[in-house]
Amino acid sequence: MDYKYTGIILGKRDVGETDRIYTIYTFEMGKIRVLAKGVRRAKAKLAGYLEPITQAEIFIAKTKGLGKITGSIVSNNFPYIKSNIESMMQVFYVFKLLEKIISEQCQDENISNLLKNYLEVMEELSAEENPKNENKKNILTLGFLFKFLSELGYQVEAGKCVRCGKKLVSGENYFSAKRGGVLCWGCSSEENQKVKINDESIKFIRIFLKNKLGNLPKIDATSKDINQIKIIFSDFLSWVFGETGLAGKGFLW
């Protein structure tokens, strides 16, 4: 019996001589892995409808073990993302993180909507030939990542000190991945593992968590701002999930 799912194709892996296993984030079941038989043959048409960074209606025959893909109808091919190297790098980073962290068949409507919205906004930015959009795309991706971890229960505290609970004030503050947020100057001396965080980065994190993704490209940010937010996120990601192979020192993509 065939089942129809709406999903976003995250990745693929060759198996056997002509087959592939696809990782798909479906709106109905969350992340799944399914087999597509014979898609690597020269005349196979199905492969073109199953490329990563594609939203599609996917038909799957349930069998023992992995289900088998029997058909696919593309609903959004995201052509502008696929034609822009910088956009693809950021999206593939997000996809690798989802593949690594999210458990299979754990459906979450908020994450489904967040991922779909992220790709739609990234597509809009990628369609515009504007040099300023490179920083906007970085802000969009960082905003998605902070909101994504928040949906998983790992929200960064950027409104008050995570140690004493007092409201943060401008000046010398630090980020503690261990405590999951920002430390005020007075409490920072009690923590060994911390990273200095400027006022702009704290402001950006607050904006990420309180606003819709579609509003984030309106923010003006410098490359310096973006790089520090990347360092903060990388530090937090490494602490929360251990060595993921996805959080490099300072830069994510």
Testing Glu134 on (1) assigned to a helix (DSSP H, G or I); (2) under 21 Å from Ser223 (Cα atoms); (3) open to solvent by less than 10 Å² (accessible area, probe 1.4 Å); (4) of a type outside the set (Lys, Arg), one condition comes back false. Which one is that?
(3)
In region 53-60, is there at least one residue being open to solvent by less than 60 Å² (accessible area, probe 1.4 Å), closer than 30 Å to Ser238 by Cα, touching a strand residue (DSSP E or B) at 6+ places or on another chain (Cβ under 9 Å) and outside any loop (DSSP other than H, G, I, E, B)?
yes
The conditions are (1) touching a Phe, Trp or Tyr at 6+ places or on another chain (Cβ under 6 Å); (2) modelled with pLDDT of 95 or more; (3) within 23 Å of Gln90 (Cβ to Cβ), and Phe204 fails exactly one of them. Which is it?
(1)
Would you call Arg33 within 26 Å of Asn113 (Cβ to Cβ) and open to solvent by 80 Å² or more (accessible area, probe 1.4 Å)?
yes
Which number in (1) under 21 Å from the mean Cα position of the chain (by Cα); (2) open to solvent by 50 Å² or more (accessible area, probe 1.4 Å); (3) farther than 30 Å from Asp225 by Cα marks the one condition that Lys43 misses?
(1)
Region 48-88: number of residues that are of a type in the set (A, V, I, L, M, F, W, C) and under 18 Å from the mean Cα position of the chain (by Cα):
5
Given the options Ser72, Ser87, Ser112, Ser126, name the one that is touching a residue at least 60 places away in the same chain (Cβ under 8 Å) and either part of a loop (DSSP other than H, G, I, E, B) or small (Gly, Ala, Ser) (or both).
Ser112
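The values are calculated or read from the model by the stated rules, or taken from the named source; none is laboratory data. This is a predicted model, so every value here is computed, not measured. As a convention, Cβ positions derive from the backbone with ideal geometry for all residues, glycine included, and neighbour counts pool all protein chains shown. For accessibility, only protein heavy atoms count, side chains too; no ligands or nucleic acids. Shrake-Rupley method; radii C 1.70, N 1.55, O 1.52, S 1.80 Å.
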